[in-house]
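The numbers here are math on the coordinates, done by the rules we state, and not lab data. What you see is a predicted model, and the numbers here were worked out from it, not measured in a lab. All Cβ positions, even for glycine, are placed from backbone atoms using ideal geometry, and neighbour counts span all protein chains on display.
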Amino acid sequence: MIVKTRYVDLQQDDVTTRCFLVEPVTSAPTPGIVFYSDIFQLSGSMLRACVRLAGHGFTVLAPEIYSRTEPLGSVIPFDDAGRTRGLDNAARTPVAHFDADARAALAFLAQQPGVDPARLGAAGFCLGGHLALRAALQPEVKATTCFYATGVHNGRLGADADAGTLQRLGEIGGQLLLVWGEQDPHIPPEARALIESSLGQAGVAFQRRSYQAEHAFMRDEGPRHDPEASDLAWAEAIAFFRKALG
């Protein structure tokens, strides 16, 4: 499906968040998905991921996750200094701010003329996978895909000592897909087991897909990119969203 892209600025009180909006060229209402980046914000890799997802019939909104700590339009480089900068931005952001930004992004997406507000979802990579899981706590979110979400098992997300995400899993009302890399040192087997057992205890309907791949294997830049595993994960996520969001 052909798509059109543009940047939009979302205003929330005294905070302006720049977002990348990708809309399928169709006259039919589409599901809407808030898509969170990793710590490097709206890099070329993230923009390509947004276009890829939208091309399957979803309106995709990708917000900058550090709009409170970085100048608008900041893209953090894929290097050691960039990694430190991205993690420092996360450490300076209260979880309440991440949650407020999620509500604002969902409300904005629901108001777009081509979006069916009854069919909203969320997705994200790495730290953005954790943000997507937090977005899933909102009642309007019907389906969420978390690609190798970090910090869920130990509560590490922002400035708070513990984001408390595990304790709130019972608030998730929609469906959930978890995508893991088996060789991911940031989310070892015991961490994945804790997250999945906590979801089961909370009564959350979820699916899991696991690949022999490293952390960030879907980022199409750098030595950890695994094209085959990425294609398989994309196919699973798209099928999941199509079934869950219609």
Of all residues in the stretch 221-240 being surrounded by 15 or more Cβ atoms within 10 Å (Cβ to Cβ) and over 16 Å from the mean Cα position of the chain (by Cα), the one that is nearest to Thr145 (Cα to Cα) = Leu232
Somewhere in the stretch 70-77, is a residue surrounded by fewer than 14 Cβ atoms within 10 Å (Cβ to Cβ) and free of Cβ contacts under 8 Å to residues at least 12 places away in the same chain?
-> yes
Could you run through the stretch 107-136 and say how many residues are surrounded by fewer than 23 Cβ atoms within 10 Å (Cβ to Cβ) and either under 13 Å from the mean Cα position of the chain (by Cα) or in a helix (DSSP H, G or I) (or both)?
-> 3
If we ask which residues in the stretch 145-175 are closer than 23 Å to Leu120 by Cα, out of contact with any Lys or Arg (no Cβ under 9 Å at 6 or more places or on another chain) and not in a loop (DSSP other than H, G, I, E, B), their number turns out to be 7
Every residue from the stretch 23-56 that is assigned to a strand (DSSP E or B) and within 17 Å of the chain's Cα centre (by Cα) | Pro31, Gly32, Ile33, Val34, Phe35, Tyr36
May I ask you to say which residue of Ala91, Ala54 is surrounded by fewer than 16 Cβ atoms within 10 Å (Cβ to Cβ) and among the aliphatic types (A, V, I, L, M)?
-> Ala91
Kindly indicate the residue of the stretch 176-187 that is out of contact with any Asp or Glu (no Cβ under 6 Å at 6 or more places or on another chain), assigned to a loop (DSSP other than H, G, I, E, B) and not acidic (Asp, Glu) and also farthest from Leu127 (Cα to Cα) among those meeting that condition.
-> Pro185
Restricting attention to the stretch 1-22, which residues are part of a loop (DSSP other than H, G, I, E, B) and over 19 Å from Gln138 (Cβ atoms)?
-> Met1, Ile2, Asp14
Give the stretch 94-103 a look and list any residue that's part of a helix (DSSP H, G or I) and either surrounded by fewer than 17 Cβ atoms within 10 Å (Cβ to Cβ) or of a type outside the set (A, V, I, L, M, F, W, C) (or both), or say none.
-> Ala96, His97, Asp99, Ala100, Asp101, Arg103
